[in-house]
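Peer 1: Starting off with a structure, shown below.
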Amino acid sequence: MRMLEGRGAVVTGAAQGIGWEIARVLGDAGASVLVGDINGDAAKDAAARLREHGVAADALRCDVTDPGDVEALIAHGTEVFGPLDVMVNNAGITRDATMRKMPIEDFRTVLDVHLTGAWNGTRYAAEAMRAHGRGSIVNISSISGKVGNFGQTNYSAAKAGMVGLTKASAKELAKAGIRVNAVQPGLIRTAMTEAMPAHAWEAKMAEIPMGRAGEPVEVANVVLFLASDLAGYLTGAVLEVTGGRYM
Ligand code: NAI
């Protein structure tokens, strides 16, 4: 029996990178997966690739900062795949600069996508999950939310905020049978990190006890664990997936 057989999942920002890999791994475990992404065409392509891979998948354009879009995403998931069991708030962006150089718009935008986006996702997913008395919400934070990264006051603040959101919503939703947890990946090999200058990549590598970057599947496998009944007594937890960096 696959761990998520017959369950419905929504993954935001799943058109590529870690989100796509999460969608694939949840799908491999038996879940039907709705891909939500601000890039509607890429989301459709991603769902098509998931179907080629044998996953029951669909896609909808969704800007996670827009509550109406998120509400529509959850409604679509429920309509197409039945009750929602798993929600993964993964959509993200970076707008790096030191605080002296960062325009306030870049601070606000990054907070809006990660933090307001995860709040919207948690809020509307929880409403759908309440209806059938169970569910697992997973927020993709970052180790930068624990330690703070130079040049990322916006991103680090947003990712730390997601930890507070995870714990507060875990308390509010526990009695409804809904668990809320967060994952803090370290350096993971994706388009977002491969855009980094070589010297920054090497500096990070030196800090990782396991001596290598993580792969998206290594984050996705932890999300699968949190989404599944194996994590049935786990809520409000923050799991670091960092190869030991900043333990
Ligand atoms: P990525 O840039 O490859 O993918 C992000 C996806 O989110 C894209 O498909 C993009 O279109 C979508 N997106 C952006 N803004 C959106 C919005 N407003 N509404 C809906 N979708 C939106 O990034 P990656 O590396 O796969 O990151 C995924 C998540 O993991 C992000 O939350 C990121 O902060 C987090 N993370 C990544 C790490 C890494 O090393 N790559 C490390 C720690 C955390």
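Just so you know, all these numbers are worked out from the coordinates, no wet-lab data involved. These numbers were taken from a predicted model, which means no experiment stands behind them. Glycine gets a Cβ as well: all are built from the backbone with ideal geometry, and neighbour counts include every protein chain shown.
Peer 1: Percent relative contact order of the range 1-154, based on C-alpha pairs within less than 8 angstrom and at least six residues apart?
Peer 2: Details: 299 pairs, mean separation 35.7, N = 154.
Taking the mean separation of contacting Cα pairs over the length of the range 1-154, I get 23 percent.
Peer 1: Let me ask you something else. Nothing charged except the Cβ atoms of Lys and Arg (+1) and of Asp and Glu (-1): what's the magnitude of the dipole of the chain about its Cα centre? Round to the nearest 20 debye.
Peer 2: Values: 24 positive and 27 negative charges, 139 e Å.
Taking the Cα centre of the chain as origin, the dipole is about 660 debye.
Peer 1: What Kirkwood hydrodynamic radius, in Å, does the range 8-233 give when the mean of 1/r is taken over all pairs of distinct Cα atoms and then inverted?
Peer 2: Numbers: mean 1/r = 0.0572 Å⁻¹.
Evaluated on the range 8-233, it is 17.5 Å.
Peer 1: With angles folded into 0 to 90 degrees, how steeply does helix 40-52 sit against the dominant principal axis of the chain? Use alpha carbons for both and round to 10.
Peer 2: 60
Peer 1: Here's a follow-up. Compute the signed sum of charges (Lys and Arg +1, Asp and Glu -1) over the other residues within less than 13 Å, Cβ to Cβ, of A200.
Peer 2: Working: positive: K204; negative: D96, E194, E202, E207.
Net of charged neighbours comes to -3.
Peer 1: What's the angle, to the nearest 10 degrees (0 to 90), between helix 17-28's Cα axis and the longest principal axis of the chain?
Peer 2: 30
Peer 1: How much net charge surrounds R24 when only the other residues with a Cβ under 14 Å from the Cβ of R24 are counted, with Lys and Arg +1 and Asp and Glu -1? Don't skip to the end; give the middle numbers.
Peer 2: Details: positive: R2, R49, R51; negative: E21, D28, D45, E52, E215, E218.
So the environment of R24 carries a net charge of -3.
Peer 1: Before rounding to the nearest 500, sum -39500 (n - 2.57) across all DSSP H runs of length at least 4 in the chain and divide by the residue total; then give [θ] at 222 nm in deg cm²/dmol. Display every interim value, and only then the final one.
Peer 2: Numbers: 10 runs with 111 residues, N = 247.
Theoretical 222 nm ellipticity from helices: -13500 deg cm²/dmol.
Peer 1: Taking only pairs that are 8 or more places apart or on different chains, how many Lys pairs in the chain have Cα atoms under 27 angstrom apart?
Peer 2: Qualifying lysine pairs in the chain: 12.
Peer 1: Ranked by Cβ crowding within 10 angstrom, fewest neighbours first, how are M87, M162, M247, M3 ordered? Each step should come with its number before you reach the end.
Peer 2: Details: M87 33, M162 27, M247 9, M3 16.
So the residues, fewest neighbours to most, are M247, M3, M162, M87.
Peer 1: Can you compute the modelled spin-label distance between A56 and A191, with each label point 7 Å from Cα toward Cβ, in nm?
Peer 2: The answer from the label model is 2.9 nm.
Peer 1: Another question, then. Within the range 123-166, find all residues whose amide N lies under 16 Å from a label point positioned 7 Å from the Cα of E218 along Cα-to-beta-carbon.
Peer 2: 142-144, by backbone N distance to the label point.
Peer 1: Additional query: Summing Lys, Arg as +1 and Asp, Glu as -1, what charge do residues with Cβ under 12 Å from the Cβ of F225 carry, F225 excluded? Please report the intermediate quantities before stating the final value.
Peer 2: Details: positive: R179; negative: E218, D229.
Once positives and negatives cancel, what remains is -1.
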